[in-house]
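Undergrad: One structure follows; several queries about it will come next.
The values are calculated or read from the model by the stated rules, or taken from the named source; none is laboratory data. From a predicted model like this one, the values you see are computed outputs, not experimental measurements. Reconstructed Cβ throughout: ideal geometry from the backbone, glycine too, with neighbour counts over all protein chains shown. To get the accessible areas, we keep the full protein, side chains included, count just its heavy atoms, and leave off ligands, DNA and RNA. Shrake-Rupley method; radii C 1.70, N 1.55, O 1.52, S 1.80 Å.
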Amino acid sequence: MSKRDLRKIITSLMIIVAICITTVLSTFLEPTKGSEKTQESMKIEGDNLKVYFLDVGQADSILIQDKNEFMLIDAGNNEDGEKLVEYFKSLGITKFKYVIGTHPHEDHIGGMDNIINNFDIEKYYMPDAITTTKTFESVLDALGNKNLQFDVPKEDEVITLNNATIKFLHSEDGKSDLNDTSIVLKMTYGNKKFLFTGDATSNVEKKIINKDISCDVLKVGHHGSQYSTTEIFLEKTDPIYAIISVGKNNTYKHPREETLNKLKERNIKVYRTDQDGTIIATTDGEEIKFETIKTDLDGE
Ligand SMILES: [Zn+2]
(Lines give C-alpha, C1' and ligand atoms only; values in the text may rest on other atoms or scores of the structure.)
Protein backbone atom coordinates (compact mmCIF):
# COMPACT_ATOMS: atom_id res chain seq x y z
CA MET A 1 0.00 0.00 0.00
CA SER A 2 1.39 3.36 -0.99
CA LYS A 3 1.61 6.27 1.43
CA ARG A 4 -0.98 8.05 -0.70
CA ASP A 5 -3.48 5.17 -0.34
CA LEU A 6 -2.88 5.10 3.41
CA ARG A 7 -3.59 8.86 3.64
CA LYS A 8 -6.79 8.34 1.64
CA ILE A 9 -7.94 5.56 3.98
CA ILE A 10 -7.09 7.62 7.09
CA THR A 11 -8.94 10.64 5.67
CA SER A 12 -12.01 8.47 4.85
CA LEU A 13 -11.92 6.94 8.35
CA MET A 14 -11.75 10.42 9.91
CA ILE A 15 -14.76 11.53 7.87
CA ILE A 16 -16.73 8.43 8.93
CA VAL A 17 -15.78 9.00 12.60
CA ALA A 18 -16.80 12.67 12.31
CA ILE A 19 -20.17 11.71 10.79
CA CYS A 20 -20.71 9.14 13.55
CA ILE A 21 -19.89 11.66 16.30
CA THR A 22 -22.23 14.24 14.74
CA THR A 23 -25.05 11.67 14.45
CA VAL A 24 -24.61 10.47 18.05
CA LEU A 25 -24.45 14.03 19.37
CA SER A 26 -27.49 15.18 17.43
CA THR A 27 -29.45 12.14 18.64
CA PHE A 28 -28.79 13.24 22.21
CA LEU A 29 -29.31 16.94 21.59
CA GLU A 30 -32.50 16.71 19.56
CA PRO A 31 -34.85 15.61 22.37
CA THR A 32 -33.55 18.43 24.58
CA LYS A 33 -34.17 20.97 21.86
CA GLY A 34 -37.61 19.50 21.26
CA SER A 35 -38.65 19.52 24.90
CA GLU A 36 -37.51 23.12 25.30
CA LYS A 37 -39.69 24.03 22.38
CA THR A 38 -42.69 22.21 23.85
CA GLN A 39 -42.18 23.97 27.15
CA GLU A 40 -41.93 27.29 25.39
CA SER A 41 -45.11 26.69 23.43
CA MET A 42 -46.87 25.71 26.65
CA LYS A 43 -45.71 28.91 28.25
CA ILE A 44 -46.40 31.40 25.52
CA GLU A 45 -48.23 29.99 22.50
CA GLY A 46 -50.97 27.92 24.11
CA ASP A 47 -54.31 28.42 22.38
CA ASN A 48 -56.23 28.36 25.63
CA LEU A 49 -56.89 30.98 28.24
CA LYS A 50 -55.29 30.28 31.59
CA VAL A 51 -56.26 31.76 34.93
CA TYR A 52 -53.92 31.11 37.87
CA PHE A 53 -55.35 31.69 41.34
CA LEU A 54 -52.01 31.81 43.08
CA ASP A 55 -51.55 30.44 46.55
CA VAL A 56 -50.36 33.51 48.43
CA GLY A 57 -51.85 32.64 51.83
CA GLN A 58 -54.35 35.10 53.30
CA ALA A 59 -54.30 37.36 50.23
CA ASP A 60 -55.19 37.52 46.53
CA SER A 61 -53.12 37.23 43.38
CA ILE A 62 -54.55 36.14 40.04
CA LEU A 63 -52.56 35.78 36.83
CA ILE A 64 -54.38 35.63 33.50
CA GLN A 65 -52.68 34.50 30.30
CA ASP A 66 -54.08 34.57 26.79
CA LYS A 67 -51.25 33.40 24.53
CA ASN A 68 -48.49 36.00 24.77
CA GLU A 69 -50.50 38.55 26.76
CA PHE A 70 -50.60 38.66 30.54
CA MET A 71 -52.68 40.40 33.12
CA LEU A 72 -52.30 40.46 36.90
CA ILE A 73 -55.04 41.11 39.45
CA ASP A 74 -53.49 41.82 42.86
CA ALA A 75 -50.07 40.80 44.14
CA GLY A 76 -50.44 39.19 47.58
CA ASN A 77 -48.89 40.46 50.81
CA ASN A 78 -45.55 42.29 51.11
CA GLU A 79 -43.65 39.03 51.69
CA ASP A 80 -45.09 37.47 48.50
CA GLY A 81 -43.63 40.10 46.16
CA GLU A 82 -40.27 38.50 45.42
CA LYS A 83 -41.73 34.98 45.18
CA LEU A 84 -44.29 36.19 42.65
CA VAL A 85 -41.60 37.94 40.59
CA GLU A 86 -39.56 34.73 40.52
CA TYR A 87 -42.58 32.62 39.58
CA PHE A 88 -43.68 34.96 36.78
CA LYS A 89 -40.13 35.06 35.40
CA SER A 90 -40.06 31.24 35.42
CA LEU A 91 -43.19 31.35 33.21
CA GLY A 92 -41.30 33.52 30.74
CA ILE A 93 -43.20 36.71 31.54
CA THR A 94 -41.42 39.99 30.89
CA LYS A 95 -44.40 42.26 30.41
CA PHE A 96 -47.95 42.66 31.71
CA LYS A 97 -50.53 44.29 29.49
CA TYR A 98 -52.59 45.15 32.56
CA VAL A 99 -51.89 45.17 36.27
CA ILE A 100 -54.80 45.78 38.61
CA GLY A 101 -54.61 46.56 42.30
CA THR A 102 -58.26 45.93 43.23
CA HIS A 103 -58.09 48.08 46.38
CA PRO A 104 -55.35 49.50 48.59
CA HIS A 105 -55.15 46.82 51.30
CA GLU A 106 -51.83 45.10 51.99
CA ASP A 107 -53.09 41.59 51.17
CA HIS A 108 -53.83 42.79 47.61
CA ILE A 109 -51.10 45.32 46.82
CA GLY A 110 -48.35 44.11 49.18
CA GLY A 111 -46.11 42.70 46.43
CA MET A 112 -47.09 45.30 43.84
CA ASP A 113 -43.91 47.38 44.21
CA ASN A 114 -41.84 44.29 43.31
CA ILE A 115 -44.04 43.67 40.26
CA ILE A 116 -43.77 47.29 39.09
CA ASN A 117 -39.98 47.27 39.59
CA ASN A 118 -39.43 44.01 37.68
CA PHE A 119 -41.78 43.99 34.69
CA ASP A 120 -42.89 46.25 31.87
CA ILE A 121 -46.47 47.31 32.46
CA GLU A 122 -48.68 48.79 29.79
CA LYS A 123 -51.52 49.91 32.06
CA TYR A 124 -51.85 50.00 35.84
CA TYR A 125 -55.39 50.25 37.21
CA MET A 126 -56.48 51.09 40.74
CA PRO A 127 -59.60 52.61 42.30
CA ASP A 128 -59.79 56.29 43.16
CA ALA A 129 -59.01 55.51 46.81
CA ILE A 130 -56.02 56.39 48.91
CA THR A 131 -54.72 55.33 52.27
CA THR A 132 -51.71 56.40 54.34
CA THR A 133 -50.06 53.00 54.77
CA LYS A 134 -46.40 52.42 53.92
CA THR A 135 -47.48 49.64 51.54
CA PHE A 136 -49.71 51.96 49.53
CA GLU A 137 -47.01 54.65 49.45
CA SER A 138 -44.46 52.11 48.20
CA VAL A 139 -46.77 51.30 45.27
CA LEU A 140 -47.12 55.00 44.41
CA ASP A 141 -43.33 55.44 44.72
CA ALA A 142 -42.66 52.45 42.44
CA LEU A 143 -45.12 53.84 39.84
CA GLY A 144 -43.53 57.29 40.14
CA ASN A 145 -39.99 55.94 39.75
CA LYS A 146 -41.05 54.24 36.54
CA ASN A 147 -42.92 57.27 35.31
CA LEU A 148 -45.99 55.07 35.05
CA GLN A 149 -49.37 56.76 35.39
CA PHE A 150 -52.18 54.83 36.99
CA ASP A 151 -55.68 54.63 35.51
CA VAL A 152 -58.94 54.63 37.42
CA PRO A 153 -61.32 52.38 35.48
CA LYS A 154 -64.52 53.90 34.16
CA GLU A 155 -67.73 52.05 34.86
CA ASP A 156 -68.41 49.46 32.14
CA GLU A 157 -65.05 50.18 30.48
CA VAL A 158 -63.98 47.23 28.33
CA ILE A 159 -60.43 46.08 27.69
CA THR A 160 -59.11 43.07 25.80
CA LEU A 161 -56.38 40.52 26.43
CA ASN A 162 -55.97 38.85 23.03
CA ASN A 163 -59.30 36.98 22.67
CA ALA A 164 -60.53 37.64 26.21
CA THR A 165 -62.84 40.58 26.89
CA ILE A 166 -62.72 42.18 30.31
CA LYS A 167 -65.35 44.56 31.59
CA PHE A 168 -64.99 46.77 34.67
CA LEU A 169 -68.24 46.39 36.61
CA HIS A 170 -67.32 48.37 39.67
CA SER A 171 -64.83 50.67 41.33
CA GLU A 172 -65.52 53.62 43.60
CA ASP A 173 -63.78 56.26 45.68
CA GLY A 174 -62.68 55.57 49.21
CA LYS A 175 -65.35 57.44 51.12
CA SER A 176 -66.72 54.19 52.50
CA ASP A 177 -64.99 50.98 53.55
CA LEU A 178 -61.81 50.43 51.51
CA ASN A 179 -62.99 46.89 50.69
CA ASP A 180 -65.90 48.45 48.83
CA THR A 181 -63.60 50.44 46.57
CA SER A 182 -62.69 47.04 45.06
CA ILE A 183 -62.47 46.88 41.29
CA VAL A 184 -64.84 44.12 40.11
CA LEU A 185 -64.19 42.59 36.69
CA LYS A 186 -65.98 40.18 34.43
CA MET A 187 -63.92 38.34 31.85
CA THR A 188 -65.49 36.56 28.89
CA TYR A 189 -63.62 34.05 26.71
CA GLY A 190 -65.83 32.31 24.17
CA ASN A 191 -68.79 31.03 26.17
CA LYS A 192 -66.95 31.02 29.47
CA LYS A 193 -67.17 33.80 32.03
CA PHE A 194 -65.13 34.61 35.11
CA LEU A 195 -66.04 37.13 37.82
CA PHE A 196 -63.29 38.70 39.93
CA THR A 197 -64.58 40.52 42.99
CA GLY A 198 -61.59 41.62 45.08
CA ASP A 199 -62.81 42.18 48.65
CA ALA A 200 -66.17 43.68 47.63
CA THR A 201 -68.82 43.23 50.31
CA SER A 202 -72.61 42.89 50.05
CA ASN A 203 -72.81 46.71 49.49
CA VAL A 204 -71.05 46.35 46.15
CA GLU A 205 -72.90 43.13 45.29
CA LYS A 206 -76.14 45.07 45.69
CA LYS A 207 -74.88 47.91 43.44
CA ILE A 208 -74.02 45.60 40.54
CA ILE A 209 -76.86 43.13 40.95
CA ASN A 210 -78.72 44.38 37.87
CA LYS A 211 -75.70 44.15 35.59
CA ASP A 212 -74.92 40.97 33.67
CA ILE A 213 -72.90 39.26 36.39
CA SER A 214 -73.60 35.65 35.40
CA CYS A 215 -70.45 33.56 35.42
CA ASP A 216 -69.02 30.06 35.31
CA VAL A 217 -66.20 30.80 37.74
CA LEU A 218 -66.64 33.13 40.72
CA LYS A 219 -63.66 34.41 42.68
CA VAL A 220 -65.48 34.55 46.00
CA GLY A 221 -65.46 38.04 47.53
CA HIS A 222 -63.23 38.91 50.49
CA HIS A 223 -61.68 35.47 51.12
CA GLY A 224 -65.07 33.93 51.92
CA SER A 225 -66.05 36.49 54.56
CA GLN A 226 -69.61 36.47 55.91
CA TYR A 227 -70.08 40.05 54.63
CA SER A 228 -69.85 38.99 50.99
CA THR A 229 -71.54 36.34 48.81
CA THR A 230 -75.19 37.10 49.55
CA GLU A 231 -77.93 34.71 48.40
CA ILE A 232 -79.19 37.09 45.74
CA PHE A 233 -75.64 37.60 44.45
CA LEU A 234 -75.17 33.83 44.14
CA GLU A 235 -78.51 33.53 42.42
CA LYS A 236 -77.59 36.18 39.84
CA THR A 237 -74.00 35.08 39.29
CA ASP A 238 -74.99 31.40 39.24
CA PRO A 239 -71.45 30.01 39.10
CA ILE A 240 -70.47 26.37 38.59
CA TYR A 241 -67.11 26.86 40.29
CA ALA A 242 -66.09 29.08 43.20
CA ILE A 243 -62.52 29.96 44.11
CA ILE A 244 -61.61 31.06 47.61
CA SER A 245 -58.19 32.68 48.05
CA VAL A 246 -57.42 32.20 51.71
CA GLY A 247 -54.61 31.39 54.17
CA LYS A 248 -54.43 28.34 56.43
CA ASN A 249 -55.63 29.02 60.00
CA ASN A 250 -56.05 32.74 59.35
CA THR A 251 -57.15 34.96 62.23
CA TYR A 252 -60.26 36.15 60.37
CA LYS A 253 -61.63 32.59 60.31
CA HIS A 254 -62.07 32.89 56.54
CA PRO A 255 -63.77 31.29 54.75
CA ARG A 256 -66.80 31.51 57.01
CA GLU A 257 -68.95 28.44 57.49
CA GLU A 258 -72.07 30.28 56.35
CA THR A 259 -70.42 31.21 53.04
CA LEU A 260 -69.29 27.61 52.49
CA ASN A 261 -72.80 26.39 53.27
CA LYS A 262 -74.38 28.74 50.73
CA LEU A 263 -72.01 27.43 48.06
CA LYS A 264 -72.65 23.83 49.07
CA GLU A 265 -76.44 24.24 48.94
CA ARG A 266 -76.12 25.34 45.33
CA ASN A 267 -73.80 22.45 44.46
CA ILE A 268 -71.05 24.85 43.48
CA LYS A 269 -67.67 23.16 43.23
CA VAL A 270 -65.28 24.98 45.57
CA TYR A 271 -61.52 25.28 45.20
CA ARG A 272 -59.51 26.84 48.06
CA THR A 273 -55.91 27.98 47.92
CA ASP A 274 -55.34 26.94 51.57
CA GLN A 275 -56.24 23.33 50.72
CA ASP A 276 -55.47 23.04 47.01
CA GLY A 277 -52.47 25.36 46.58
CA THR A 278 -52.37 27.27 43.31
CA ILE A 279 -55.48 26.64 41.23
CA ILE A 280 -55.19 26.86 37.44
CA ALA A 281 -58.30 27.10 35.27
CA THR A 282 -57.78 26.46 31.56
CA THR A 283 -60.51 27.10 29.02
CA ASP A 284 -60.89 26.95 25.25
CA GLY A 285 -64.10 28.96 25.54
CA GLU A 286 -66.25 25.80 25.61
CA GLU A 287 -64.91 23.72 28.49
CA ILE A 288 -63.04 24.61 31.65
CA LYS A 289 -60.57 22.29 33.28
CA PHE A 290 -58.92 22.77 36.65
CA GLU A 291 -55.60 21.65 37.96
CA THR A 292 -54.10 22.36 41.34
CA ILE A 293 -50.44 22.53 42.22
CA LYS A 294 -48.79 22.84 45.57
CA THR A 295 -46.42 25.77 45.21
CA ASP A 296 -44.09 27.46 47.62
CA LEU A 297 -45.86 30.75 47.05
CA ASP A 298 -47.90 30.44 50.23
CA GLY A 299 -47.37 33.67 52.08
CA GLU A 300 -47.58 32.18 55.56
ZN1 LIG B 1 -58.31 40.89 51.13
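Undergrad: Just subtract the alpha-carbon distance of Lys89 and Asp212 from 0.36 nm times their residue separation and send over the number in nm, one decimal.
TA: This chain segment gains 40.7 nm when fully extended.
Undergrad: Another question, then. With label points built 7 Å along Cα→Cβ from the Cα atoms of Lys269 and Lys154, find their separation and express it in nm.
TA: So the label points at Lys269 and Lys154 sit 3.9 nm apart.
Undergrad: I've got another one for you. Plugging the Kirkwood radius over Cα pairs into Stokes-Einstein for region 46-293, at a temperature of 37 °C and a viscosity of 0.692 mPa s, what D comes out in µm²/s?
TA: Rounded, D is 186 µm²/s.
Undergrad: Just subtract the alpha-carbon distance of Asp284 and Lys248 from 0.36 nm times their residue separation and send over the number in nm, one decimal.
TA: Computed gain between Asp284 and Lys248 is 9.8 nm.
Undergrad: Ranking request for peptides 81-94, 114-127: highest mean number of other beta-carbon atoms within 10 Å first, then the rest in descending order.
TA: Ranked from most to least packed, the peptides come out as 114-127, 81-94.
Undergrad: Any idea how far apart Glu122 and Asp177 come out in nm if each label point goes 7 Å out from Cα toward Cβ?
TA: 3.5 nm
Undergrad: So who's got an amide H within less than 5 Å of the one on Ala242, skipping anything under 5 residues away but keeping other chains? H placed 1.01 Å off N, in plane.
TA: Residues meeting the criterion, in which the H sits 1.01 Å from N, are Leu218, Lys269, Val270, Tyr271.
Undergrad: Treating cross-link reach as a plain straight distance, find the lysines whose alpha-carbon is under 21 Å from the alpha-carbon of Lys89, omitting any fewer than eight places away in the same chain.
TA: Counting by Cα, and skipping residues close in sequence, Lys89 has these lysines nearby: Lys33, Lys37, Lys43, Lys50, Lys67, Lys97, Lys123, Lys146, Lys294.
Undergrad: In terms of solvent-accessible area of protein heavy atoms at a 1.4 angstrom probe, what is the ranking of Tyr98, Tyr241, Tyr227, highest value first?
TA: Tyr227, Tyr241, Tyr98
Undergrad: At 1.4 Å probe size, put Glu155, Glu137 in order of accessible surface, largest to smallest.
TA: Glu155, Glu137
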